[in-house]
Amino acid sequence: MNRDRSPWRYLPIHAFDVARGPLLLFVLVSAGLSLVIWRLKASDTASPSPDQLLPALVSGTLMVAVLFATGGGAGVDIKQGYYRAYFSKPMAPWWFYLQRWLLGGLAVMLVPLFLGLGLQLALGSGTGLDWEIFGHVAIGFLLVGGVVLLASTVTARDWLLAFMIYFLQARLQNVKDLFALTGNELPWSVKTLHAILPPFHLAAPGKDLPTGTDLIHVLAYGVALVVTALLVLAWRPLGSGGRA
């Protein structure tokens, strides 16, 4: 078999790219946070437990981690013309970018592990790791990473567009919670826009994992984002005059 025509031929390059970029950054950030926590513990014996710290750390880093691991995909390649070299030999663009996206997801899934091991070294009292933490990271990646993947089919600034959507949805959720507390009826426009946007609030670490219809909503929305992005990559030419 000619390796140059293998559908896996870019997998080692993708893996190296993720390892030297997002994965290395996640390790360094986790080490830095662990050092800070260790120094704080040295000056304060009443430090929080890993079970308390880890969800907060994951919650504070998840969004940035996903954006860093998935941003700059198809949109950058289209803008810079790199796709002409990548696909000079037969290979499905949707499969090329899906490989890179999945490897980015694997790197993000390792974030709780790095943070938990760092807490073990800093506090010496456990990692705080449990399956619920990894569940939150998985559905968070599916939603945020799905938005980035779809945004990359239309812009090189996919990470920025994804962040704007995330920020808008969070503010709308705040408005919805406020109206629920006051007992007032949420305006139709706000209610509709909130329903259309990704349900990021259901995937936030530190809360209970979604179940039932909420879980179906999250999974269906995330899968729809990814499938839509792959269909666009499969059927729309990457550049003027078709794929080079």
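The values are calculated or read from the model by the stated rules, or taken from the named source; none is laboratory data. None of the values given here were measured: they were computed from a predicted structure. Don't worry about glycine lacking a Cβ; one is built from the backbone with ideal geometry, like all the others, and counts go over all protein chains shown.
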Lone qualifier among 23, 62, 40, 57 - being of a type outside the set (D, E, K, R), at pLDDT below 85 and part of a helix (DSSP H, G or I): 40
Kindly indicate whether residue 117 is more than 23 Å from residue 166 (Cβ to Cβ) and exposed (fewer than 14 other Cβ atoms within 10 Å of the Cβ). no
By residue number, the members of region 199-244 that are among the aromatic types (Phe, Trp, Tyr) and at pLDDT 95 or above are 221
Where the second residue is assigned to a helix (DSSP H, G or I) and at pLDDT below 95 and the first is among the β-branched types (Val, Ile, Thr) and crowded, with 16+ Cβ neighbours inside 10 Å and lies in region 16-43, which pairs have Cβ atoms under 6 Å and are six or more apart or on separate chains? 37/122
Could you pull out the residue among 107, 85 that is modelled with pLDDT under 95, assigned to a helix (DSSP H, G or I) and among the aliphatic types (A, V, I, L, M)? 85
Which pairs do you get when a residue that is farther than 26 Å from residue 148 by Cβ, found in region 100-124, comes within reach of a residue that is aliphatic (A, V, I, L, M) and not in a helix (DSSP H, G or I), reach meaning Cβ atoms under 6 angstrom, with the pair 6+ apart or on two chains? none
Return the only residue of 188, 159 being of a type in the set (Phe, Trp, Tyr), over 23 Å from residue 142 (Cβ atoms) and either surrounded by 11 or more Cβ atoms within 10 Å (Cβ to Cβ) or more than 17 Å from the chain's Cα centre (by Cα) (or both). 188
I'm trying to understand the selection: among the residues of region 7-48, which are touching a helix residue (DSSP H, G or I) at 6+ places or on another chain (Cβ under 9 Å), farther than 27 Å from residue 101 by Cβ and among the small types (Gly, Ala, Ser)? 34, 47
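Here is a yes/no grid of residues against (1) under 13 Å from the mean Cα position of the chain (by Cα); (2) touching a residue at least 24 places away in the same chain (Cβ under 8 Å):
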{"position": "132", "(1), (2)": "no, yes"}
{"position": "139", "(1), (2)": "yes, yes"}
{"position": "145", "(1), (2)": "yes, yes"}
{"position": "152", "(1), (2)": "no, yes"}
{"position": "195", "(1), (2)": "no, no"}
{"position": "199", "(1), (2)": "no, yes"}
{"position": "218", "(1), (2)": "no, yes"}
{"position": "226", "(1), (2)": "yes, yes"}
Determine, yes or no, whether residue 183 is exposed (fewer than 15 other Cβ atoms within 10 Å of the Cβ) and touching an Asp or Glu at 6+ places or on another chain (Cβ under 8 Å). no
